[in-house]
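Visitor: I have a structure I would like to understand better, so I am pasting it below and will then ask my questions one at a time.
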């Protein structure tokens, strides 16, 4: 699913990215980026644009400037009587994988993969996976930056399935 960002959303993402990486480094939070060829700002900008795209699809209020250091959950969505936590993972590649640094247990309900496109204002949501399925689908790979945990795209479900599930939970 492709999501087009407005110029105002890109401007907000650019401002928030600069603030986010400065705040994180000032707070002593180590950057866990896997791609060492990108700057902190590049990675944070991509991540915030991905979070905005997911928030738009699920109609979640989102303000990138209100966020501080990443707690491991990027977004929360009201699904009726339950609140779901979402981990949004972004990649600079048009075909990507969910990548996870370190060996921390997954503390989210669903992880969503968002890929950049050749258009600065378009993000593509490639799929999602539940925590339960992620634990059984994760593999260890060396993608040129050392070994890390990843989930291959073929293990992801269509984002429309998550959207439908959330709508069903909200309205039942």
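Quick note: the coordinates plus some simple rules give every number you see, no bench work behind them. Everything quoted here is computed from the prediction, not taken from an experiment. Note that we place each Cβ from the backbone using ideal geometry, even for glycine, and neighbour counts take in every protein chain shown.
Visitor: Restricting to Cα atoms and excluding each atom paired with itself, what does the Kirkwood estimate give for the chain in Å?
Guide: This gives a value of 16.4 Å.
Visitor: Would you compute, from DSSP H runs of 4+ residues alone, the mean residue ellipticity of the chain at 222 nm, taking -39500 (n - 2.57) per run and dividing by the full residue count, rounded to the nearest 500?
Guide: -11000 deg cm²/dmol
Visitor: Along Cα→Cβ, 7 Å out, is where each label goes; now give me the distance between the ones at residue 36 and residue 107 in nm to one decimal.
Guide: Roughly 2.7 nm, to one decimal.
Visitor: Using Cα pairs closer than 8 Å and at least 6 residues apart in sequence, work out the relative contact order for the range 2-171, in percent.
Guide: 22
Visitor: Would you mind checking the range 89-111 for residues with the amide N under 20 Å from a putative spin-label position 7 Å along Cα→C-beta of residue 165?
Guide: Counting backbone N atoms under 20 Å from the label point, the list is 89-90, 97-100, 105-111.
Visitor: What fraction of the DSSP beta bridges in the range 2-171 is antiparallel, stated in percent and rounded to the nearest 5? Don't skip to the answer; put the middle values down first.
Guide: Numbers: 23 of 29 bridges.
So the antiparallel bridges in the range 2-171 amount to around 80 percent.
Visitor: In a GNM of the chain with a 10 Å cut-off on Cα contacts, which of 23, 45, 86 has the highest mean-square fluctuation?
Guide: The residue with the greatest mean-square fluctuation here is 23.
Visitor: Name the residue, out of 159, 60, 52, whose mean-square fluctuation peaks in a Gaussian network model built on the chain with Cα pairs under 10 Å.
Guide: 60
Visitor: Connecting C-alpha atoms closer than 10 Å in a GNM of the chain, tell me which of 130, 27, 116 has the biggest fluctuation.
Guide: Residue with maximal mean-square fluctuation among 130, 27, 116: 27.
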